[in-house]
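Okay, structure first, notes after.
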Amino acid sequence: MIYLEGDTCYLRTLLVKDAPILADLVYRNKHFWSVFEPLHRDDYYTATVQREKIRETLMLMQEKREYSFGIFAHGTEQIIGNVSLYSLKRMPFSSGLIGYSIDEQFIGKGIGTEAVKLVQQFGFENVQLNRIEAYVSPRNIGSIKVLENNDFQREGLLRKLLYINGKWEDHYMYASLSEDF
């Protein structure tokens, strides 16, 4: 298990036993998060499907292709979000993508900013990445602030990148380089 400690939260690798609390998190936030990501089939929000997702993530972590974490409130086992470093590419790229979601009840408290910083540090120092990228909707002002607060630089607009709930959506591409961290 990987454990990353912050001031406002802590991150840890999700375990198979976490499937029910992860299912509860994604179910509670399904409409809130669906503004910027696709709605899923009903079974996605069940412990059964989340258990399989956790198993897949643990396998990818063993292969050093992805690192996914639950975001937890300090001093509790209350999951309040998730953050992943995924689509890892080795040389000549040495890069990966970061993605994150925070429980609607906890947005605006700096938790997303800190979680991204912890994973950014982990990616550069432990995974030895040169570059971490993020895609974000131009309408997602909160997520843009999270990235910019962590010194990610906007590098361009990816037109019609993701198909979200019946519509192709543009996304900004942001990146952070190890030499700037």
By how many nm would the segment from residue 52 to residue 32 lengthen if fully extended, with 0.36 nm per residue of separation less the alpha-carbon distance? 4.9 nm
By the scheme Lys and Arg +1, Asp and Glu -1, what is the net charge of all other residues having a beta-carbon under 15 Å from that of residue 13? +1
Run the helix sum for the chain: -39,500 (n - 2.57) per DSSP H stretch of 4+ residues, divided by residue count, reported at 222 nm to the nearest 500 deg cm²/dmol. -9000 deg cm²/dmol
Quick note on 102, 2, ordering by fewest other C-beta atoms within 10 Å, gives 2, 102
Contour minus end-to-end for residue 44 and residue 154, with contour as 0.36 nm per residue of separation and end-to-end as the Cα-Cα distance? 36.4 nm
Within the set of other residues whose C-beta is less than 12 Å from the C-beta of residue 99, count the net charge using Lys and Arg as +1 and Asp and Glu as -1. -3
Answer label for P(r) over Cα pairs in 10 Å bins from 0, in percent (calculated), chosen among (1) 9, 37, 41, 12, 0; (2) 9, 29, 26, 15, 10, 7, 4, 0; (3) 10, 41, 41, 8, 0: (1)
Label-to-label distance, nm, for residues given as residue 109 and residue 121 (7 Å Cα→Cβ offset): 2.0 nm
Efficiency of FRET from Cβ geometry, residue 162 and residue 65, R₀ 25 Å, rounded to 0.05: 0.75
For the stretch 72-112, what class follows from the C-alpha gyration tensor (a ≥ b ≥ c being the square roots of its eigenvalues): rounded when a/c is under 1.5, otherwise prolate if a/b is larger than b/c, else oblate? prolate
Sorted by Cβ density within 10 Å, fewest first, the residues 41, 90, 131: 41, 90, 131
List the lysines whose Cα lies under 19 Å from the Cα of residue 109, skipping any in the same chain that are fewer than 8 positions away. 117, 145
Once Lys and Arg are counted +1 and Asp and Glu -1 for all other residues with Cβ under 12 Å from that of residue 127, the total becomes +3
When only C-alpha pairs under 8 Å and at least 6 residues apart count, what is the relative contact order of the chain, in percent? 19 percent
Cα-based Rg (one decimal) and Dmax (whole number) for the stretch 120-175, in Å? 12.7, 39
Label-point separation (nm) for residue 130 and residue 74, each offset 7 Å from Cα along Cα-to-Cβ? 3.8 nm
Do any GluC sites (Glu not before Pro) in the stretch 4-83 lie in a loop, going by DSSP, with at most 15 other beta-carbon atoms within 10 Å of their beta carbon, and if so which? 63, 77
Please state the charge dipole magnitude for the chain, taken about the Cα centre, from unit charges on C-beta atoms (+1 on K and R, -1 on D and E), reported in debye and rounded to the nearest 20. 440 debye
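We did not get these values from a lab; they are worked out from the coordinates using the rules stated. Treat the numbers as computed from the prediction; the structure is a model and nothing was measured. Counting neighbours? That spans all protein chains shown, and the Cβs are built from the backbone with ideal geometry, glycine included.
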